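Worksheet for the structure shown next.
The values are calculated or read from the model by the stated rules, or taken from the named source; none is laboratory data. Since the structure is predicted, the reported quantities are computational estimates derived from the model, not experimental observations. FYI the Cβ positions are ideal-geometry reconstructions off the backbone, even for glycines, and counts take in every protein chain you see. For accessibility, only protein heavy atoms count, side chains too; no ligands or nucleic acids. Shrake-Rupley method; radii C 1.70, N 1.55, O 1.52, S 1.80 Å.
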Amino acid sequence: MKNVLIDQNIKFLTNNDYQHHLENYDEIFVVGKDLKQREYDEGLAKFCIENKCDLLTADNRAYTHFLAEKIKTVQISELFYDEKADRPIYLVRIID
């Protein structure tokens, strides 16, 4: 996937200090700007399918809604640990 969707809870990733985490993506989408802020996780999954996006989120359960949207396999990894917020940032990638 060449695009990424940044969840509302970590939109600070669009700041210059974090750009190195996004350098491999062609297009960067942000919840609240490119997708309604109040969109449910099912909507995030559909958006990611339609726009060939990975999802970056701090929600450790966001992937469950991806599986409900007829996605068979997702890969979840920790992109990095955000020391300022004291929480991990997850990368959710659709495999098939």
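Report, to the nearest 10°, how far helix 41-51 tilts away from the longest principal axis of the Cα atoms in the chain, using its own Cα long axis and a range of 0 to 90°.
Long axis of 41-51 versus the principal axis of the chain: about 90 degrees.
Counting other Cβ atoms within 10 Å, keep those with at most 14, restrict to DSSP loop, and tell me which chymotrypsin sites (Phe, Trp or Tyr not before Pro) in the range 18-72 are left.
On the way: sites: Tyr18, Tyr25, Phe29, Tyr40, Phe47, Tyr63, Phe66; in loops: Tyr25, Tyr40.
Those that pass, being in a loop and sparsely packed, are Tyr40.
With a 1.4 Å probe and all protein chains left in place, how much accessible area per residue does the chain have, in Å²? Please report the intermediate quantities before stating the final value.
On the way: 6010 Å² over 96 residues.
Dividing the accessible area of the chain by its residue count gives 63 Å².
Rounded to the nearest 500 deg cm²/dmol, what is the calculated helix-only ellipticity per residue at 222 nm for the chain, with -39500 (n - 2.57) per DSSP H run of length n ≥ 4?
-5000 deg cm²/dmol
Nearest-5 percent of antiparallel DSSP beta bridges in the chain?
Numbers: 11 of 20 bridges.
Of those bridges, close to 55 percent are antiparallel.
Would you calculate the separation in nanometres between label points at Asn3 and Asn51, each defined as 7 Å from the Cα along the Cα-to-beta-carbon direction?
My value for the distance between the label points is 0.6 nm.
Using a simple charge model, +1 on the beta-carbon of Lys and Arg, -1 on the beta-carbon of Asp and Glu, nothing else, what dipole does the chain show about its Cα centre, in debye to the nearest 20?
Numbers: 13 positive and 18 negative charges, 55 e Å.
Magnitude of the dipole: close to 260 debye.
Can you pull the three principal axis extents for the Cα set of the chain, in Å, largest first?
35, 26, 23
Let me confirm the definition first: pairs of Lys residues in the chain, 8 or more apart or on different chains, C-alpha distance under 22 Å. How many are there?
Here the count comes out as 21.
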